[in-house]
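Have a look at the structure below before the remarks.
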There are 2 protein chains.
Amino acid sequence: MLSPTKLADAFERVTDYWSPKVIGQVNDQLLKAAKLKGELVWHAHEGQDELFYIVKGSLRIEFENDIVDLQQGDFLTVPSGVRHNPVAQEECWVLLIEPASTKHTGEESTPRTRSLEEQLS
Amino acid sequence: MLSPTKLADAFERVTDYWSPKVIGQVNDQLLKAAKLKGELVWHAHEGQDELFYIVKGSLRIEFENDIVDLQQGDFLTVPSGVRHNPVAQEECWVLLIEPASTKHTGEESTPRTRSLEEQLS
């Protein structure tokens, strides 16, 4: 039996900032719920686009030569290999869509880096 | 320069029922905005999952041995090869996520079938 997921309910499972949880999958892409506050780390995902959809709040994404401000209901695909730094002044809920193999801090390893196993738990 | 897409605004482009418009892409998956009313046709997508996210209204998806009712804010991935028939009693706005190669009526050809070129226009 197939059962739908309520997007808002899926965020209930997310208790820590910058610790995405896998909430769905379509083909080889995972859907992840993340709560963000503050800033993460400059990073890029080689060979992998990453889509941000703002479920609640707002998010600034800094690029090397640009800044994009995303509001609730906006989405943006950060293309493969483009260095970026997400910054949330206030708590922001984000739906991420990215390949199962994407590391959420790219090749950067930080205390905030979470393995896929942690994102599935 | 990257610019965000407002999901609600993207639906403004959609003027016909059952005629999805491509509004974004992440890796090999397309995001499509569709307005549905009535029912489409029983079909399946071999080798391709299809995700339905309900932006406005509600949608019933009939399966051969099941019925799933989706409300605003719900999402469901219809797995590859599973025959289904979407039915919208009232107008429903759906965000679809599926591979670029997915035909929205599967292998069924109906007067409502739209080519990818039509979905990009």
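The values are calculated or read from the model by the stated rules, or taken from the named source; none is laboratory data. As the structure is a computational prediction, the values presented were derived from the model and not from experiment. Don't worry about glycine lacking a Cβ; one is built from the backbone with ideal geometry, like all the others, and counts go over all protein chains shown. Ligands, DNA and RNA are excluded from the accessible area calculation, which covers all protein heavy atoms including side chains. Shrake-Rupley method; radii C 1.70, N 1.55, O 1.52, S 1.80 Å.
Given 25 °C and 0.890 mPa s, how large is the Stokes-Einstein diffusion coefficient of the protein assembly as shown in µm²/s, with Rh as the Kirkwood radius over Cα pairs?
Diffusion coefficient, whole number: 133 µm²/s.
Under 5 Å between amide H atoms, partner at least 5 residues away or on a different chain: which partners does B:S19 have, H built in plane at 1.01 Å?
B:K35
For chain A, taking Cα atoms only, what is the radius of gyration to one decimal and the Dmax to the nearest whole Å?
Computed over the Cα atoms of chain A, radius of gyration and Dmax are 13.4, 48 Å.
Under the Karplus relation 6.51 cos²θ - 1.76 cosθ + 1.60, θ = phi - 60°, what is the ordered set of whole-Hz ³J(HN,Hα) values for region A:72-80, x standing for Gly and Pro?
Per residue, the Karplus-derived 3J(HN,Hα) values read 3, x, 8, 9, 8, 9, 8, x, 2 Hz.
Give me, ordered by chain and number, the residues 5 or more places off B:E108 or on other chains with an amide H under 5 Å from its own placed amide H.
B:A44
Once every DSSP H run of n ≥ 4 in chain A is given -39500 (n - 2.57) and the sum is divided by its residues, what mean residue ellipticity at 222 nm do you get, rounded to the nearest 500 deg cm²/dmol?
So the calculated ellipticity at 222 nm is -1500 deg cm²/dmol.
Taking beta carbons within 10 Å but only from partner chains, what does the mean come to for residues B:27-38?
Taking the mean over all residues of the peptide, I get 3.
With a 1.4 Å probe and every protein chain left in place, work out the accessible area per residue of chain B in Å², rounded to a whole number.
46
Taking a point 7 Å out from Cα toward Cβ as the label site, list the nm distances between B:S58 and the same residue in every other copy, smallest first.
Label-point distances to the other copies, shortest first: 3.5 nm.
Carbon and sulfur: what percent of the protein assembly as shown's accessible surface (1.4 Å probe)?
Within the protein assembly as shown, the accessible surface is 47 percent carbon and sulfur.
Quick one: work out the % antiparallel among DSSP beta bridges in the protein assembly as shown, nearest 5.
Bridges in the protein assembly as shown are about 95 percent antiparallel.
Given A:K21/B:K32; A:K21/A:K56; A:K56/A:K103; A:K21/B:K37; A:K35/B:K37, which pairs have Cα atoms separated by over 26 Å?
Long pairs (Cα-Cα over 26 Å): A:K21/B:K37; A:K35/B:K37.
Around B:W93, under 14 Å between beta carbons, what's the net of Lys plus Arg minus Asp minus Glu among the other residues?
+1
If you filter region A:1-92 for trypsin sites (Lys or Arg not before Pro), then keep DSSP loop positions with at most 14 other Cβ within 10 Å, what is left?
When the trypsin sites (Lys or Arg not before Pro) of region A:1-92 are filtered for loop state and at most 14 Cβ neighbours within 10 Å, A:R83 remain.
Where Lys and Arg each count +1 and Asp and Glu each count -1, what net charge lies around B:S80 among other residues with Cβ under 12 Å from its Cβ?
-4
Pick out, in residue order, every one of the GluC sites (Glu not before Pro) in region B:26-92 that is DSSP loop and has at most 13 other C-beta atoms within 10 Å; say none if there are none.
Loop-located and lightly packed - B:E46, B:E64.
What is the interface area between chains B and A, defined as buried accessible area summed over both chains with a 1.4 Å probe, reported in Å² to the nearest 100?
Chain pair B/A: roughly 2800 Å² of buried accessible area.
Which ³J(HN,Hα) values in Hz, rounded to whole numbers, follow from the phi angles of region B:95-100 under the Karplus curve 6.51 cos²θ - 1.76 cosθ + 1.60, where θ = phi - 60° and Gly and Pro get x?
With coefficients 6.51, -1.76 and 1.60, one gets 8, 9, 10, 7, x, 4 Hz.
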